[in-house]
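First the structure, in the form of structure tokens, and then the observations on it.
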Amino acid sequence: MKYRHLFGPVPSRRLGLSLGVDLVPHKTCTLDCVYCECGETTNLTINREEFVPIEDVVAELEHYLASKPDLDYITFSGSGEPTLHSGLGTIVDYIKENYPDYKVCLLTNGTLFTEPAVRKEVLKTDLIIPSLDAACSDAFNQINRPYEKLNCNEIIGGLVSLRHEYKGLMIIEVLIVPGINDTPQALELLKEALEKIGPDLVQIGTLDRPGTEEWVEAAPEEKLQEIADYLGNAELIGAFKPQHKVSSIKGLQSNRILNTLRRRPCTVSDLQQALNLRPAEIQKYLNLLQSRGAIESEKRKRGTFFKVKTNAPPTEES
């Protein structure tokens, strides 16, 4: 079967070996974040739809999981906001009812948890990782560039409601953009919001690969640690450390990507056309290869190009 809505499994620094489930077209989202690795949002919306047929996603899951693959998570993520798909709850229920041994994770920007129906749909997941980069409107608008009807305080209220209803693990991710959400006032408001929500853990990160806007810079690790200490119950998102299972990833797609880049520098779009892979899947492997020091990126007029580094160390797939 040719998978159109599943990708991977791919190695994740937080989730181990994760089978991705992509439910919305690239790039459909409620936000247009300045740091997004998937690029600029082309369909900025808060309207939930059945963007891809539920039965098609279920058929792919049934086919893939029939062989009982060794996975750490089945993860709803990809090239847009998963909660925009109106059938998310149906697909979660299908997985938990038919494949209860697999853990289910949702990566989300958390903007639609203001809706009780959306919260109800995700209650059977094992792990939810919402992002919350700012608790004040100015910083939220500058960093996340939301759909016009979204309100920062209402989003925080939705996360508070979810925490009260949800029995699984919740980890909130905060991405620091220097000069915007790392000011004393911004951090004070963020700390107050996180205390209201009460997640199991807060993870602090910064841009470590090309984002949507060139002006976005990475925050120094020392600054990130100061922020983590201030917020409390927080840790830094560490560099990716591949696990032993990574070498058994189906198809060894990272090797295909590396071999392509050895011939010429490519953008994600170039690799998508050459290898017939989904953008979110390509980006995961690019992240892995960058973490190993095998490739580097360079922004040019046509986009961000990835290329093999000179004197790069050998990879496990080589």
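The values are calculated or read from the model by the stated rules, or taken from the named source; none is laboratory data. Treat the numbers as computed from the prediction; the structure is a model and nothing was measured. Here the Cβ positions follow ideal geometry from the backbone for every residue, glycine too, while neighbour counts run over all protein chains shown.
Worth a mention:
- Subset of the stretch 92-143 (residues that are of a type in the set (A, V, I, L, M) and within 29 Å of Glu213 (Cβ to Cβ)): Leu106, Leu107, Leu112, Val118, Ile128, Ile129, Leu132, Ala134, Ala135, Ala139, Ile143
- Exclusive hit being closer than 19 Å to Phe113 by Cβ, within 16 Å of the chain's Cα centre (by Cα), modelled with pLDDT of 95 or more and crowded, with 16+ Cβ neighbours inside 10 Å, set Leu44, Leu31: Leu31
- Residue match in the stretch 134-143 (condition: buried (at least 19 other Cβ atoms within 10 Å of the Cβ), within 22 Å of Asp22 (Cβ to Cβ), of a type in the set (Gly, Ala, Ser) and within 18 Å of the chain's Cα centre (by Cα)): no
- Pairs with Cβ under 7 Å, 6+ apart, first in the stretch 171-182 and in the same structural domain as Tyr35 (by TED's automatic domain parsing), second crowded, with 18+ Cβ neighbours inside 10 Å and of a type in the set (Phe, Trp, Tyr): Leu175/Tyr35; Val177/Tyr35
- Each residue in the stretch 115-161 was checked for being polar (S, T, N, Q) and over 13 Å from Thr30 (Cα atoms), and 5 of them qualify.
- Single unsatisfied condition, Val58 versus (1) outside the structural domain of Leu207 (by TED's automatic domain parsing); (2) modelled with pLDDT of 95 or more: (1)
- Residue count for the stretch 1-31 satisfying the condition of being in a strand (DSSP E or B), touching a residue at least 60 places away in the same chain (Cβ under 8 Å) and within 18 Å of Tyr285 (Cα to Cα): 11.
- For the stretch 66-77, the count of residues that are within 24 Å of Thr212 (Cβ to Cβ), in contact with a Ser or Thr (Cβ under 7 Å, 6 or more places away or on another chain) and surrounded by fewer than 17 Cβ atoms within 10 Å (Cβ to Cβ) is zero.
- Qualifying residue in the stretch 106-118 (condition: farther than 28 Å from Val57 by Cα and under 20 Å from the mean Cα position of the chain (by Cα)): no
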